[in-house]
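Taking it in order: structure first as structure tokens, then the write-up.
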Amino acid sequence: MNELIRDYLWLLDHEWQGLLATFNGQFTEVSEALLVYAYAVSVLWTLTSLVYVARMVRKGRASEAALPPFTVLVPFYGEPDRALRTARSLDGIRPAPSAVILVDDGSAISIGEDEPLPAGVSVLRLPLRQGKAGALKTAMSSVTTPVVVCLDADTEICSKDWRSMLAEFDAPEVGAVTGKIWPVANGSLVGRFQELDYLAVISLIKAAETIWGGLMTVSGAIVAYRVAALQAVGGFNSDKATEDIDASWRLQLSGWRLAYHSRWAAEVEMAPTVQALWRQRRRWSSGLGQALRDYGATALTRGARHLPIVIVTLANILWVLTMLAITVVTLYAAATRTLTHNDVVAHINLLAMVVTGLILFSLQFLAALLIDGRSWRTHLHLVPLLPLYPVYFWFILLSSFLVGFPTGVSRRKLGVWQPTARAPTVNTDARPT
């Protein structure tokens, strides 16, 4: 871990020196720093995710008798049909939950009193809307088991065997375990880009981070918490844009370890439009901004369990801002005809840069297939999108970050959580047991 931190501190220093060179009109150093960092991160993610794959292969099946009992909470607002569908997807899981509670966050349209519920499922109706974190916090008073599983109302469980996931809690330092999301899209281009993002970036990063010793965040759509760990850090915080990021950082600051378990999988509906996706990613960026503002300094100075992830996160933010600054300066110089032969455009082999990036991202994609658990044929339709992923990144992810992150840093409360708009149908193909 010390070597990893040292390497990233070196990269940060290299980025900073390049940024200083930019203000002197020298673009070569900063362009080299940007390329080195982006390629190094891709290689690091890929290699450490392969270590994760090897570790998962060595894991055996857990004994059901020694597993902790658990309760499932499904908070929802205005989507009772989806909440019921989530509850029904729990049928046949092993071991069975002690209870499944559908938490109605003050919906105007709710589950009817005479609606037939699956066995072991109950509805907790809150009189006033509190937001997702507030609803979960209230529902925690009904939890009597040592583990609580939180699922979003657009989540359908695919993995019926939960024994290996629950066995993660055998380690006393584990505070939460998050599962793998299999995206469900409506076949649109924006949906397919989200599929690629979850497969080759989000899932792969979580696998890599697990090897580093922590996670930037659990996935709020499918996560299991140790109740004692949640209680020790004050439970869910309703003032935050993202309850999962906030809880993840507070748990790791207190010494709890978070784990990613790719064999615990669920289908989650994707945002059906560019507007819905942009709002979702803006909210995620706001949550990250709040976490860095509230806990970043403490994590860096007190050696938090997720310190490597904090350093990488800061480095990524610096990389994005530096890249944006260089792009603006370069475009301005080109528009005013002040570029010289010493500038970046005269030194970068654009074709070599693009080809190298595509090769590294393709290797990242292949490594992600090993983590996914489904046939590689399931993802063939994503291959043509590999060269276009940078366009998706810069136009959707970067723009939402530039709006959401400063908002999270500057504002204490960001209003009541709004469920992300979802596609109208769900594809149930390729579900292993």
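With the simple spin-label model, which puts each label point 7 Å out from Cα in the Cβ direction, the LEU314 to THR145 separation comes to 3.9 nm. Rolling a 1.4 Å probe over the protein heavy atoms of segment 203-339, with every protein chain left in place, gives an accessible area that is 58 percent carbon and sulfur. In this structure segment 159-293 gives 25 Å² per residue of accessible area when probed at 1.4 Å with all protein chains present. Phi angles across segment 166-183 convert, under the Karplus curve 6.51 cos²θ - 1.76 cosθ + 1.60 with θ = phi - 60°, into 3J(HN,Hα) values of 5, 5, 4, 6, 4, 6, x, 8, 6, x, 7, 10, 10, x, 9, 9, 9, x Hz, Gly and Pro given as x. Report note on the peptides 80-87, 69-76, 317-324: ranked by the mean count of other C-beta atoms within 10 Å, highest first, their order is 69-76, 80-87, 317-324. Close amide-amide hydrogen proximity is noted between ASP239 and no other residue 5 or more places distant or on a separate chain, at a cut-off under 5 Å (H modeled in the peptide plane; Pro and chain starts excluded). These residues, ASP246, ASP114, go from largest to smallest accessible area, 1.4 Å probe, as ASP114, ASP246. A DSSP coil position with no more than 16 other Cβ atoms inside 10 Å describes the following GluC sites (Glu not before Pro) in segment 93-174: GLU113, GLU173. Is the C-alpha gyration tensor of segment 135-186 telling us rounded, prolate or oblate? Criteria: a/c under 1.5 is rounded; beyond that, a/b larger than b/c is prolate, otherwise oblate. Cα axes put segment 135-186 in the oblate bin.
Compared with the alpha-carbon gap, the fully stretched path from THR336 to ARG58 is longer by 94.1 nm at 0.36 nm per residue.
To the nearest 10, the accessible area of CYS150 is 10 Å² with a 1.4 Å probe. Peptides 370-379, 100-109 ranked from most to least packed, by the mean per-residue count of other Cβ atoms within 10 Å: 100-109, 370-379. Report note on the peptides 231-241, 249-259, 267-277: ranked by the mean count of other C-beta atoms within 10 Å, highest first, their order is 249-259, 267-277, 231-241. Working from label points 7 Å from Cα in the Cα-to-Cβ sense, the LEU47 to SER107 distance is 4.8 nm. Note on THR301 and ALA171: with the Förster distance fixed at 22 Å, the Cβ-Cβ geometry gives a FRET efficiency of about 0.25.
Within the assembled protein chains, the solvent-accessible surface assigned to PHE193 is about 20 Å², based on a 1.4 Å probe. How much length would be gained if the chain were fully extended between GLU115 and VAL383, taking 0.36 nm per residue of separation minus their Cα-Cα distance, in nm to one decimal? Gain in length upon complete extension: 92.1 nm. Residues in segment 221-227 carry Karplus couplings, in order, of 6, 8, 8, 10, 10, 6, 4 Hz; the curve used is 6.51 cos²θ - 1.76 cosθ + 1.60 with θ = phi - 60°, and Gly or Pro positions show x.
The values are calculated or read from the model by the stated rules, or taken from the named source; none is laboratory data. Computed from a predicted structure; not experimentally measured. Reconstructed Cβ throughout: ideal geometry from the backbone, glycine too, with neighbour counts over all protein chains shown. Side chains included, ligands, DNA and RNA excluded: accessible areas come from the protein's heavy atoms. Shrake-Rupley method; radii C 1.70, N 1.55, O 1.52, S 1.80 Å.
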